[in-house]
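The next block holds one structure in the form of structure tokens; read it before the comments.
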Amino acid sequence: MYPKLVCNINKMKHNIQIIKKLSDEKGIIITAVVKGMSAWTAVCQEIVSSGITSIADSRIANLKKLMHLDAEKILLRIPMKSELRDVVCYADISLNSELETLYALNEICEEKGIRHGIMLMIDVGDRREGILPEEVKAYTLEIATLQNLFIAGVGMNITCYGAILPSEENLELLVQCADEVASIIKYPLKYISGGNSSSFLCMTNSLLPKKINHLRLGEVLLQGRETETGEILSDLHSDTFTMEAEVVELKWKPSLPKGRQGVDAFGNKPNFEDKGVRKRAIVAIGRQDINANTYAPFDPNIEILGSSSDHMILDVTESTENIKLGSIIQFHINYEGLLSLSTSKYVEKEIYHEGDEAVLSILSLS
Ligand SMILES: *Cc1c(COP(=O)(O)O)cnc(C)c1O
């Protein structure tokens, strides 16, 4: 059944091995952030089998799916007050920034007789989650009174919202905050967490301050792209995940729509170039499954003309492949594409176990 999201597990394992080796050399503990593939259990199992001991996701529903994996579980998104019972059940550590939430967490832990770890998030400038550095002392003093919680770490998140890049200044600021926390709580912090895939190059270039011992890595691990410069790392695979969709209509048609023009299904007024009569394929996948502009056909001679909720329209005139009705078209996808595709229940998920070469040959336009 199509459409399909395919994971080349060997490529994934390769990425993990390389990153694990690099991070071990630099003394950095890696948490694998798996939210990009909606906590695909079989793939997550392989990640853990490859030596990753800590897994993170932004959604508690995903961590619940992964509860049987033998790894530490970290909840990345600041928890909702309405989900705290699940948080203490399915996460060992959660990222936090709100005292009110921590009071409630503490109470639930008290009731259940458990202790929950928190990573106190500091906003060092990206202006997404976290307390401000000048608030660290007051927050820590208060958290230290909550008997059923412990501060497992201090962390920062940058680049995702404000597009702020790691710098000596914001990394050092995190270390200062961590020192301040440690001096109050009087026990060592397990993690001083220097960010996500945008801090990857700082790690490999030895630019992380010594005290930073942890990164939370998603995109670079899943698709080989570090997000400081946006480069694909030459040692890593970016095509760990690919999309396959099936041709349901193949016809020669004029390239210009005909009739009185209003707006399309998404309220846009499209423009068209008259290229005469072209060979067009409709493939059975749409914006309900994958966001627009997040994919590219393997075949460089195929042009994407557009998509609506359930249809994708391709110009296949220039393709030298023998495309027919029922042919499977393969696409590269980026991180955003992976995110939407893995979330869609209409998309089949499949793992390829063959070697790297074998997978290239699945471009079987039968
Ligand atoms: C998504 C996320 C990450 C991972 O980000 P990548 O850029 O994919 O490495 C790390 N930390 C938090 C808090 C996140 O939400």
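Tabulated data
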{"read-out": "Cα lying deepest toward the dipole's positive end in the chain, options SER58, GLY224, LEU314, charges on Cβ", "value": "LEU314"}
{"read-out": "Percent antiparallel among DSSP beta bridges (both partners in the chain, rounded to 5)", "value": "45"}
{"read-out": "Unit charges on C-beta of K, R, D, E only; dipole of region 228-321, Debye", "value": "880"}
{"read-out": "Helical contribution to [θ] at 222 nm, DSSP H n ≥ 4, -39,500 (n - 2.57), averaged over the chain, rounded to 500", "value": "-8000 deg cm²/dmol"}
{"read-out": "Ratio of Rg to Rh over the chain (Cα coordinates, Kirkwood Rh, two decimals)", "value": "1.04"}
{"read-out": "Gaussian network model of the chain, Cα within-10 Å springs - most flexible of ASP274, ASP57, ASP86", "value": "ASP274"}
{"read-out": "The chain, relative contact order in percent, only Cα pairs under 8 angstrom and at least six apart counted", "value": "19"}
{"read-out": "Kirkwood hydrodynamic radius of region 125-256, Cα pairs, Å", "value": "17.3"}
{"read-out": "Anisotropy class of region 1-70 from Cα gyration tensor, a/c 1.5 cut", "value": "oblate"}
{"read-out": "Dipole moment magnitude, nearest 20 debye, region 227-274 about Cα centre, only Lys, Arg, Asp, Glu C-beta charged", "value": "680"}
{"read-out": "Sparse-neighbourhood loop sites, chymotrypsin sites (Phe, Trp or Tyr not before Pro) in region 139-195 - DSSP loop, at most 13 other Cβ within 10 angstrom", "value": "TYR161"}
{"read-out": "Cβ charges +1 (Lys, Arg) and -1 (Asp, Glu), total dipole of the chain, debye", "value": "760"}
{"read-out": "Cβ-defined net charge surrounding SER327, 12 Å radius [Lys, Arg +1; Asp, Glu -1]", "value": "-4"}
{"read-out": "Pair LYS81, VAL277: separation of 7 Å Cα→Cβ label points (nm)", "value": "6.6"}
{"read-out": "Positive-pole candidate from ILE290, ASN301, LEU208, dipole of region 175-308, charges at beta carbon", "value": "ILE290"}
{"read-out": "Relative packing of 95-105, 30-40, which averages over residues the other C-beta atoms within 10 Å, highest first", "value": "30-40, 95-105"}
{"read-out": "Three-way shape call for region 260-348 based on the alpha-carbon gyration tensor, with the a/c threshold at 1.5", "value": "oblate"}
{"read-out": "Lys pairs, region 158-315 - Cα-Cα below 16 angstrom, 8 or more residues apart or on other chains", "value": "8"}
{"read-out": "Listed residue (TRP40, GLY194, THR140) projecting farthest to the positive dipole end of the chain, Cβ model", "value": "TRP40"}
{"read-out": "Neighbour net charge for PHE150 - beta-carbon separation under 13 angstrom, K R +1, D E -1", "value": "+2"}
{"read-out": "Highest-MSF residue in the chain out of ASP264, ASP24, ASP235 [GNM, Cα springs under 10 Å]", "value": "ASP264"}
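No value in this document is a laboratory result; all are computed from the given coordinates. This one's a predicted model, so the numbers in the text were calculated from it and none came from an experiment. Cβ sites come from the backbone with ideal geometry, for glycine too, and all protein chains shown count toward neighbours.
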